[in-house]
1. Are there any trypsin sites (Lys or Arg not before Pro) in region 58-94 that are in a DSSP loop and have at most 14 other Cβ atoms within 10 Å? List them by number.
2. Over the chain, one equal point on each Cα, no solvent: what is log10 I(q)/I(0) by the Debye formula at q = 0.10, 0.14, 0.15 Å⁻¹?
3. Taking the Cα centroid of region 36-82 and of region 122-147, what is the distance between the two, rounded to the nearest whole Å?
4. Which residue fluctuates the most in the chain, going by a Gaussian network model with Cα springs under 10 Å, if the choices are A48, A110, A15?
5. How big is D for region 3-63, in µm² s⁻¹ as a whole number, if Stokes-Einstein is applied with the Kirkwood radius of its Cα pairs at 20 °C and 1.002 mPa s?
6. Hey, got a sec? Which GluC sites (Glu not before Pro) in region 58-94 land in a DSSP loop and have at most 16 other Cβ atoms within 10 Å?
7. First measure r as the distance between the Cβ atoms of L11 and T152, then evaluate 1/(1 + (r/R0)^6) with R0 = 25 Å and state the FRET efficiency to the nearest 0.05.
8. Gain in length, D65 to R124, computed as 0.36 nm per residue apart minus the alpha-carbon separation, to one decimal in nm?
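Just so it is clear, none of the values below were taken in a lab; they were calculated from the coordinates. Given the structure is predicted, the values throughout are model-derived calculations rather than measurements. Here the Cβ positions follow ideal geometry from the backbone for every residue, glycine too, while neighbour counts run over all protein chains shown.
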Amino acid sequence: MSDTFVYTTPLDPRAKPLIDELTYEYDSRYGSYFNAAGAVEEMNRYPAEAFAPPHGNFLLLQRGDETIGGGAFKLYDERTAEFKRIWTRSDLRRQGLAVKVLLELEVQAARQGYSRIYLTTGFRQPEAVGLYLKYGYTALFDVKADPEIYKTLPFEKEIGHLATAGLPAGVAGEQPFQRAAAQR
């Protein structure tokens with residue numbers, strides 16, 4: 001069974017596994033560290049419209065009828081997209097799904113005119129830190145320091161080269177995955 005990216009909205013019922021599991025994971029790792037309300041407030045911090053074209057996008061990685069990964073971006077500034085909600089289903093981790101989502105988001109952000117990515121992750125998410133460092137993101141903090149002193153760990157990456165890489169026009173990143181039409 002092949003994996004398919006679907007461009008949609010956080011309000012799509014297929015996004016529920018992503019949102020529910022992220023909320024659970026954030027609460028498991030941080031509890032009320034950042035906010036007395038826990039992760040629910042963070043997950044509802046932005047309206048769905050923030051992740052809609054022309055300034056944002058929201059994607060799900062589907063395997064058959066199951067949501068197995070996803071992510072989103074929104075406007076950070078005129079040339080910068082801010083990545084949010086990058087997730088893979090917990091029982092399918094360590095299979096490269098997060099990389100697929102990350103690279104797809106980069107290509108789509110470049111197609112939508114962005115030349116830079118900004119993102120943050122929490123200090124209790126070393127897997128995410130490793131992913132971003134491995135895939136060319138620059139840490140905007142001292143990686144040798146105790147990450148808890150920063151609380152949130154910011155990264156950036158230039159992606160302007162993707163806009164001129166001769167990628168096919170149309171729906172984001174035509175290869176290596178099949179694409180499904182956006183359903184809003």
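1. Filter output for region 58-94: R79, R93, R94.
2. -0.37, -0.76, -0.88
3. Distance between centres, Cα-based: 20 Å.
4. Comparing A48, A110, A15 in a Gaussian network model of the chain, the most mobile one is A48.
5. On the way: Rh = 12.6 Å.
Here the translational diffusion coefficient equals 170 µm²/s.
6. Taking region 58-94 and a limit of 16 other Cβ atoms within 10 Å, the loop GluC sites (Glu not before Pro) found are E78.
7. Values: r = 26 Å, r/R0 = 1.04.
The computed FRET efficiency comes out at 0.45.
8. Working: separation 59, 0.36 × 59 = 21.24 nm, distance 3.11 nm.
Using 0.36 nm per residue and subtracting the Cα-Cα distance, I get 18.1 nm.
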